[in-house]
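Presented below is the structure to which this report refers.
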Amino acid sequence: MAKVLVLVEHDAASGSVKKASLELLTLARRLGDPAAVWFGAGSTAALTVLGEYGASTVYVADGDDVKAHPVVPMVDVLSALVAELSPAAVIVPSSADGKEVAGRLAVRTGSGVITDAVDIDASGVATQSVFGGSTVVHSKVTSGTPIYTVRSNSVAPEPAPTTCTAQTVSTEVSAVAKTATVVERTVASKGGRPELTEAAVVVSGGRGVGGSEGFSVIEKLADSLGAAVGASRAATDAGWYPHQYQVGQTGKTVSPQLYIANGISGAIQHRAGMQTSKMVVAVNKDAEAPIFELADFGVVGDLFEVVPQLTDEIEKRAN
Amino acid sequence: MKIAVCVKQVPDTWAEKTLREQDSTLDRESPDGVLNELDEYAVEEALQIAEAHGGEVTVVSMGPARAAETVRKALSMGADAGIHIQDDVLHGSDAIATSAVLAAALADKGFDLIIFGSESTDARMSVIPAMVAERLGVAQLTFAQRVSIAGTDVTIERVTDYGFDTITAAMPAVVSVVEKINEPRYPSFKGIMAAKKKPVETLAVADLGLDAASVGQAAAWSAVEDFAARPPKPAGTIVSDDGDGGARIASYLTEQKFI
């Protein structure tokens, strides 16, 4: 059976494999024999979990050049593996790095690329949810080795235990990879909350939060649920919450199991980033707010009354 | 310094976007076409760099005839000249072909910096800057929240999930910028008038030395099989807060097994 290469992402600090990568391995099994591709250190500790989710092989690229240069070393390693293995497909995460790797790899290997897939079937047809989730598109790569980027939380990771063996690959990188160098990595504090695009639950605040102080109410609710915090563009533009937490057409796209929108009207700009959430709960003063059209459950009311009460109730019920 | 800014005309950010039944391509006719919002930051960054370090800014856009408005918009913000790649054979081009066209228009022109917005608000693929860098064989410095120039080097802060990476390269380089990088200026009346007199070169695919058969929908390396509007979501339960709104959400989340 042809291999399917899966670019595996892992936490830089702990080395643990991201849940999204286990989702990609689950999808890869529909197309062939999943083989993980690992960049950096820590692969030995990950063999068990990679095997548990069906990867028979992990190709390990761990060298100084891989760490010192952005994006392109991953393209170098993957294109060498594509040439060597003629895989059935290459699947990478829909992260900033992942999309750029996919784009360059497509150009370099003469392959078509589909970004932001939410599903891939056994015949290679990808499902995309476009225009803020208003349209569902099925498409297929028609040239070269199909390359897909897949959004987090698209499928549930399913174990399929096998034995995973590691193979070291060359980390000699191309001259073009060396044209840009990472001189420093700066880790911003995120207060122990999950990554926004990976979180199972996202709690967001918008214009109705009224100011940066107001976000403490949103954060408390998020922490009671182990959720990530998001913000609408109105809130990030006003400087109430850091820009990297913006959900929407010009920010992150999330599709968690549960999305709680507080003081967010639900303009298309915002819906474009969260419309594929499995369940939506909304709190807004304005009964006419479009967010209620998306909500499975909504409360028309003052978020500063409703949200703290909700947080208290969750903490009570948890104990 | 010679700076190119690549911009795209997209349907108005606030408009509902649809695919056309006949060929599954984006309907670019019905909604108003605007300069892709994220490209405004690219134009602004290019202008700021040119103002600080000296230089000339050229706007480059591939798109149908009406995309000329978008080139003019960037010129009215202060860019010096425009290149509009317009050719009917380009209709339905995928990102692969688009990157080939842009790279052909940019190659051998001596640009020190080629600046993009981090994505378009219609396709949202975020791959064109990387693909163009790949084709031109120059450094890729993308998703920048900050760009600084020192001599012949350019350094950016690349936004990452965990914070940011500081990345440096010798020019020439492809840069893409995220929206928090600056506050794009509005075109002044004077700028709008001046833009009318600025040179815009209109190029066809053949002018770029590309084969017409290598672009357009028929040459795309991926194809849409079918599409449909997402079925409307069944109406949810909406209640007014009578002092128990938070508790009612908690009960709902308990029923749904989130608590």
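The values are calculated or read from the model by the stated rules, or taken from the named source; none is laboratory data. Quick caveat, the model's predicted, so the values are computed rather than measured. Positions of Cβ are backbone-derived with ideal geometry, glycine not excepted, and every protein chain shown enters the neighbour counts. What goes into the accessible areas is simple: the full protein's heavy atoms, side chains included, and nothing from ligands, DNA or RNA. Shrake-Rupley method; radii C 1.70, N 1.55, O 1.52, S 1.80 Å.
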Exactly one of A:THR44, A:THR109 is within 11 Å of chain B (Cβ to nearest Cβ) and hydroxyl-bearing (Ser, Thr, Tyr), and that residue is A:THR109
Only one of these is of a type in the set (S, T, N, Q) and open to solvent by 30 Å² or more (accessible area, probe 1.4 Å): B:GLN22, B:GLN9. Name it.
-> B:GLN22
Those strands (runs of 3 or more DSSP E) completely within the stretch B:179-259 that have 2 or more residues that are within 29 Å of A:THR250 (Cα to Cα) are B:222-229
Can you confirm whether the stretch A:281-299 contains a residue that is within 8 Å of chain B (Cβ to nearest Cβ), under 19 Å from A:GLU213 (Cα atoms), out of contact with any helix residue (DSSP H, G or I) (no Cβ under 6 Å at 6 or more places or on another chain) and charged (D, E, K, R)?
-> no
Return yes when A:ALA175 is open to solvent by 40 Å² or more (accessible area, probe 1.4 Å), aliphatic (A, V, I, L, M) and outside any strand (DSSP E or B) and no when it is not.
-> yes
Residue satisfying all of: in the stretch B:135-163; outside any strand (DSSP E or B), without any contact (Cβ under 8 Å) to a residue 12 or more places away in the chain and at the interface with another protein chain (Cβ under 7 Å from one of its Cβ atoms); least open to solvent (accessible area, probe 1.4 Å) among these = B:GLY137
Given the conditions (1) over 16 Å from the mean Cα position of the chain (by Cα); (2) touching a residue at least 12 places away in the same chain (Cβ under 8 Å), every one holds for B:ASP108 apart from (2)
State yes or no: is B:THR166 facing chain A (nearest Cβ under 8 Å), open to solvent by 10 Å² or more (accessible area, probe 1.4 Å) and within 21 Å of B:LYS2 (Cα to Cα)?
-> no
Scanning the stretch B:223-237 for residues that are within 30 Å of A:THR142 (Cα to Cα) and either more than 7 Å from every other protein chain (Cβ to nearest Cβ) or exposed (fewer than 15 other Cβ atoms within 10 Å of the Cβ) (or both), which turns out farthest from the chain's Cα centre (by Cα)?
-> B:PRO231
Reported set for the stretch B:112-134 where residues are aliphatic (A, V, I, L, M), within 7 Å of chain A (Cβ to nearest Cβ) and surrounded by 24 or more Cβ atoms within 10 Å (Cβ to Cβ) is B:VAL127, B:ALA130, B:MET131
Considering every residue within the stretch A:73-89, establish whether at least one is of a type in the set (Val, Ile, Thr), part of a strand (DSSP E or B), at pLDDT 95 or above and open to solvent by 10 Å² or more (accessible area, probe 1.4 Å).
-> no
